[in-house]
Amino acid sequence: MERDHYLRLKKAYELLTGFKSKKMMPEDIEPGGYIFPDKEKARYVFLDLAATREGYVFSRDPPEKVRDWMKRDVNTIWISPAPIKGSISPRTLIESKENLVEILRRGNVVLLLENLEFILAKEDFGEVLDLMSTLRDAAIAYGSYLLVHTIKDAIEKKEWVILTSELKIIED
């Protein structure tokens, strides 16, 4: 338990020092789309931005686990191929593009999508890229935020380059 606490603090410290070296803080980032190779750092930025905004988390982790990590009640949708109440499949996520755009259209919204590599393993890269591009553009247009976590080494190099041309990388 102590080690887990130490590792969380270390990630938060690394994230903040990275932002500080750029002379900014997480809450200073502009609306748009961002990609994070580290899930905990993505979650910390989400927490900072969601402190004053409506937030949604789409994760491979069960909602209870996400809420426990974040120490607060957050709108959480479990991405799972299993037919579990309250979950959606990767296919359903892609097919929900218009609904996700409507969420971002409200303005001042933070949408965190975790484990993109899992979705990429299940679905066509072109469709996933179309979803990310659409959500990024909607976030910019409506003053919202799209935060995407993916493990860099779990996807093809070409796919990483394309994703990072659409979504601004936060700390490589």
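The values are calculated or read from the model by the stated rules, or taken from the named source; none is laboratory data. In this text the structure is predicted, and so the values were computed from the model without any measurement. Please note: Cβ atoms are built from the backbone with ideal geometry, for glycine as well, and neighbour counts cover all protein chains shown. All accessible areas refer to the heavy atoms of the entire protein, side chains included, with ligands and DNA or RNA removed. Shrake-Rupley method; radii C 1.70, N 1.55, O 1.52, S 1.80 Å.
For the residue pairs LYS71/LYS152; LYS65/LYS168; LYS122/LYS152; LYS39/LYS65; LYS41/LYS97, the alpha carbons lie more than 18 Å apart in LYS71/LYS152; LYS65/LYS168; LYS41/LYS97.
Rounded is the label for the range 17-172, because the ratio a/c of its alpha-carbon gyration tensor axes (a ≥ b ≥ c) stays below 1.5.
The listed residues PHE46, PHE118, once ranked by accessible area (1.4 Å probe) with the largest placed first, stand as PHE118, PHE46. Placing dummy labels 7 Å off each Cα toward the beta-carbon, the span from THR92 to LEU129 is 2.8 nm. In the complete set of protein chains, residue-level accessible area for LEU120 is approximately 30 Å², probe 1.4 angstrom. When the residues TRP78, TRP160 are ordered by accessible surface, computed with a 1.4 Å probe over the protein chains alone, the sequence from largest down reads TRP78, TRP160. For the pair THR52 and ILE84, label points projected 7 Å from Cα toward Cβ lie 3.5 nm apart. Rounded, prolate or oblate: pick one for the range 88-151, where a ≥ b ≥ c are the square roots of the eigenvalues of its C-alpha gyration tensor, a/c under 1.5 means rounded, and failing that, prolate if a/b is larger than b/c, else oblate. The shape class here is prolate.
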